[in-house]
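The next block holds one structure in the form of C-alpha cells; read it before the comments.
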Amino acid sequence: MSLQGKTLFITGASRGIGLAIAKRAARDGANIAIAAKTDQPNPRLPGTIHTAAAEIEAAGGKALPMQVDIRDENAVAQAVKQCAERFGGVDILVNNASAISLSGTMDTPMKRFDLMFGVNVRGTFVCSQACIPYLTQSAQAGRNPHILNLSPPLSMKPRWFAPHVAYTMAKYGMSMCVLGMAEELKSAGIGVNALWPRTVIATAALNLIPMANPKLGRKPEIMADAAYAVLTRDSRQCTGNFFIDDEVLAESGIKDLESYAMTPGNKDLLPDFFID
C-alpha cells in the first residue's frame, strides 16, 4: 500500500517530526496540508509553513501551507474545508502539534497550562472533529483513512506525573482521544492510533528543553518511517494501538536503526518519557 494521491492534514508540520512525516509521504506523491502557526522565520525555531511547503514539493508531493491556530475551531474547520476543496478530500489526519512545559505544579503558570491543554488536547479534538466527515467519505471510497496522534502509551504510574503533572495530563489527553475515537470510529472504517518514540528525537524544539541533549537522540526520520508504516496498514484492522517507533519498524522488517542515530555509532541513547 502506498500514500500516492492520498491527502494528509498534518498539524505542526512546519518543522521537526511533523515535517519529516510530511516529506516521507511526499516521496509517494501525497498531498500535504501544512497546518501550523509559523508564518515568519523564528531564530529560535527554524522553519515556516512556506519553507516546509518547498521541502515537501521538492520531495515529490503537493503542499498547501496554511497558518492555523488549532485551538480555534472556526479556523480549523475552514482550513480542513480548504484542504478538501484543493485536493478532493482528506484521507489522513496527523495530530502532531504539541506544547510542552516540563515544570512542577507550582512552577507552571496557568497561561502555560492553558496553552498545553489548548494545543494538545483541544487542538487534537478540534482537528479530529473537523476531519471525521471527510475521513468517513474516504472510508466509503475505500481510501484507507487514518488518524495518527503523536502521543504516548497510557501509564498511570506516579513517576510519569510527579515531575510535570500538567504536561503529562495534556499528552495523555491526546492518547485518550485515541482510546475513545478508535472504538467510536471503528464501524466507519477509520483507523485511530498513537505513535511515540523510544528515545528522544533531535528536533529544534528539543534545544529549548534543559538537560535534553539532541546528540543522544535519534533523527525525526525514524518517526516518519514508523508513521508511514502505520498509515499504510489497513485502517479497518489497524486501530486503537499505542505504537512505539522501533517496534513498528521491527514489525516491518527494519531492525538496524544505526542510520537514525544523531551521533553515528552511539549506543547510549536518551530514552523518552512515558515508556515503562
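Filter region 260-276 down to residues that are over 17 Å from the mean Cα position of the chain (by Cα) and touching a residue at least 40 places away in the same chain (Cβ under 8 Å), then give me how many there are.
Within region 260-276, the first condition is being over 17 Å from the mean Cα position of the chain (by Cα), and the residues that meet it are 260-271, 275-276.
Filter once more, keeping what is touching a residue at least 40 places away in the same chain (Cβ under 8 Å): 260-263, 266, 268-271, 275-276.
Of the residues in region 260-276, 11 are over 17 Å from the mean Cα position of the chain (by Cα) and touching a residue at least 40 places away in the same chain (Cβ under 8 Å).
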Practice problem: Determine whether region 187-204 contains at least one residue that is surrounded by fewer than 21 Cβ atoms within 10 Å (Cβ to Cβ), over 17 Å from the mean Cα position of the chain (by Cα), of a type outside the set (A, V, I, L, M) and at negative phi. | Solution: yes
Quiz item: Does region 59-82 contain any residue that is buried (at least 23 other Cβ atoms within 10 Å of the Cβ) and farther than 28 Å from Met181 by Cα?
Solution: yes
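What about Tyr228, is it assigned to a helix (DSSP H, G or I), of a type outside the set (Gly, Ala, Ser) and more than 24 Å from Thr38 (Cα to Cα)? Break it down into steps so the answer makes sense when it comes.
Values: assigned to a helix (DSSP H, G or I): yes; of a type outside the set (Gly, Ala, Ser): yes; more than 24 Å from Thr38 (Cα to Cα): yes.
Answer is yes for this residue.
Table: residues versus (1) assigned to a loop (DSSP other than H, G, I, E, B); (2) over 21 Å from the mean Cα position of the chain (by Cα); (3) at pLDDT below 95.
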site	(1), (2), (3)
Lys111	no, yes, no
Gln129	no, no, no
Pro133	no, no, no
Gln137	no, yes, no
Ser155	yes, no, no
Met169	no, no, no
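Condition check ((1) under 25 Å from Asp272 (Cα atoms); (2) assigned to a loop (DSSP other than H, G, I, E, B); (3) among the polar types (S, T, N, Q)) across all residues:
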| residue | (1), (2), (3) |
| --- | --- |
| Lys81 | no, no, no |
| Ala84 | no, no, no |
| Gly89 | no, yes, no |
| Val94 | yes, no, no |
| Met116 | yes, no, no |
| Gly123 | yes, no, no |
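Name every residue in region 205-225 that is open to solvent by 10 Å² or more (accessible area, probe 1.4 Å), in a helix (DSSP H, G or I) and small (Gly, Ala, Ser), in order of residue number. Reasoning before the result, please.
Narrowing region 205-225 to residues open to solvent by 10 Å² or more (accessible area, probe 1.4 Å): 205-216, 218-221, 225.
After this cut, where a residue has to be in a helix (DSSP H, G or I) as well, the list is 205-208, 214-216, 221, 225.
The answer is Ala205, and nothing else.
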Practice problem: Under 6 Å between Cβ atoms, at least 6 apart or on separate chains: pull out the pairs that start in region 240-253 with a residue that is surrounded by 18 or more Cβ atoms within 10 Å (Cβ to Cβ) and end on any residue that is among the small types (Gly, Ala, Ser). | Solution: Phe242/Ala194; Asp245/Ala226; Val248/Ala226; Val248/Ala229; Leu249/Ala226
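Yes/no matrix, rows are residues, columns are (1) closer than 14 Å to Leu8 by Cβ; (2) of a type in the set (A, V, I, L, M, F, W, C); (3) not in a helix (DSSP H, G or I):
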position	(1), (2), (3)
Asp28	yes, no, yes
Pro41	no, no, yes
Pro46	no, no, yes
Ala54	no, yes, no
Met66	yes, yes, yes
Asp69	no, no, yes
Asn74	no, no, no
Ala99	no, yes, yes
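The values are calculated or read from the model by the stated rules, or taken from the named source; none is laboratory data. All values derive from a computational prediction rather than experimental measurement. When we count neighbours, we look across all protein chains shown, and the Cβ atoms used for this are built from the backbone with ideal geometry, even at glycine. Protein only, heavy atoms only, side chains kept; ligands, DNA and RNA dropped before computing areas. Shrake-Rupley method; radii C 1.70, N 1.55, O 1.52, S 1.80 Å.
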